[in-house]
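Taking it in order: structure first as structure tokens, then the write-up.
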Amino acid sequence: MNICVIGYSGKINKTPIKELYDFTYRLGYTIAVRGHTLWSGGRDGIMDIVSKGAHEGSGEIVGVLPWDKGNSMSKPSDYIQNVVFTGLDFTMRSCILVNNADLVISVGGGSGTATEIFAAYSYGKPILLCSKSGGWTQKIAETFKDKSNPVFLDARETAPVFLVNTIDDIERHL
């Protein structure tokens, strides 16, 4: 299965990413040892940590990057094995990324992550929201705090969305 992990970009030693390091590393490792292919935006932050975990779990890792190889915003994580330089901006790259997923897992994140969540939903991709990870993932999850899984982001019920908190919760969907 192609599993896409989305979330915060930025420096891994800064808040809020550093607080999610262990969880995100274990997530990548778990995806790899379960035999799945990790897909991410291929850069820094959550993308780098989850890729490190998958790498150390001997998994296959695909990074879908914006712009082209020569752009400074397109430096892939050292753990990415298969790099796709899209030549597109961040938003359009995100659409390519989530459309290639069989499952999307969201950890924290800013406006780019919110875009990816809604794009994945629009494409009919099942989504796991790590509901206590902060950012837009948590904000969206809080909308459904009194509901049982799965939830849907709108009346069309395009894709199931599951609120998860632990690696064990996530493993039930792998």
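The values are calculated or read from the model by the stated rules, or taken from the named source; none is laboratory data. From a predicted model like this one, the values you see are computed outputs, not experimental measurements. So basically every Cβ, Gly included, is an ideal-geometry build from the backbone, and we count neighbours across all protein chains shown.
Filtering the stretch 42-65 to residues that are of a type in the set (S, T, N, Q) and in contact with a strand residue (DSSP E or B) (Cβ under 6 Å, 6 or more places away or on another chain) leaves only 51. For the stretch 1-22, a residue qualifies if it is touching a Phe, Trp or Tyr at 6+ places or on another chain (Cβ under 8 Å) and among the polar types (S, T, N, Q), and exactly one does: 2. Among the residues of the stretch 66-97, those identified as under 24 Å from residue 131 (Cα atoms) and in contact with a strand residue (DSSP E or B) (Cβ under 9 Å, 6 or more places away or on another chain) are 94, 97. Taking (1) in contact with a Leu (Cβ under 6 Å, 6 or more places away or on another chain); (2) at pLDDT below 95 in turn, residue 73 satisfies each apart from (1).
Considering only the stretch 155-166, state which residues are touching a residue at least 24 places away in the same chain (Cβ under 8 Å) and either loosely packed, with under 14 Cβ neighbours inside 10 Å or over 21 Å from residue 25 (Cα atoms) (or both). Walk me through how you get there before you give the answer.
Restricting attention to the stretch 155-166, the residues satisfying the condition of being touching a residue at least 24 places away in the same chain (Cβ under 8 Å) are 158-165.
Hits for the stretch 155-166 are 158, 159, 160, 161.
Selection over the stretch 140-154 of residues that are out of contact with any strand residue (DSSP E or B) (no Cβ under 8 Å at 6 or more places or on another chain) and either surrounded by 15 or more Cβ atoms within 10 Å (Cβ to Cβ) or among the polar types (S, T, N, Q) (or both) gives a count of 2.
Close Cβ contacts (under 6 Å, 6 or more residues apart or on different chains) running from residues in the stretch 94-115 that are at positive phi and buried (at least 24 other Cβ atoms within 10 Å of the Cβ) to residues that are in a helix (DSSP H, G or I) and aromatic (Phe, Trp, Tyr) comprise 109/136. If you take the residues of the stretch 1-57 that are polar (S, T, N, Q) and assigned to a loop (DSSP other than H, G, I, E, B), which of them is farthest from residue 138 (Cα to Cα)? If we take residues in the stretch 1-57 being polar (S, T, N, Q) and assigned to a loop (DSSP other than H, G, I, E, B), then 13 is farthest from residue 138 (Cα to Cα).
Okay, residues lined up against (1) touching a helix residue (DSSP H, G or I) at 6+ places or on another chain (Cβ under 8 Å); (2) farther than 18 Å from residue 24 by Cα:
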residue: 75; (1), (2): no, yes
residue: 80; (1), (2): yes, no
residue: 85; (1), (2): yes, yes
residue: 103; (1), (2): no, no
residue: 109; (1), (2): yes, no
residue: 115; (1), (2): yes, yes
residue: 123; (1), (2): yes, yes
residue: 135; (1), (2): yes, no
residue: 143; (1), (2): no, yes
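Among the residues of the stretch 98-115, at least one is farther than 17 Å from residue 130 by Cβ, at pLDDT 95 or above and touching a strand residue (DSSP E or B) at 6+ places or on another chain (Cβ under 7 Å).
If the condition is being more than 13 Å from the chain's Cα centre (by Cα) and β-branched (Val, Ile, Thr), then the stretch 51-95 contributes 80, 83, 84, 86, 91.
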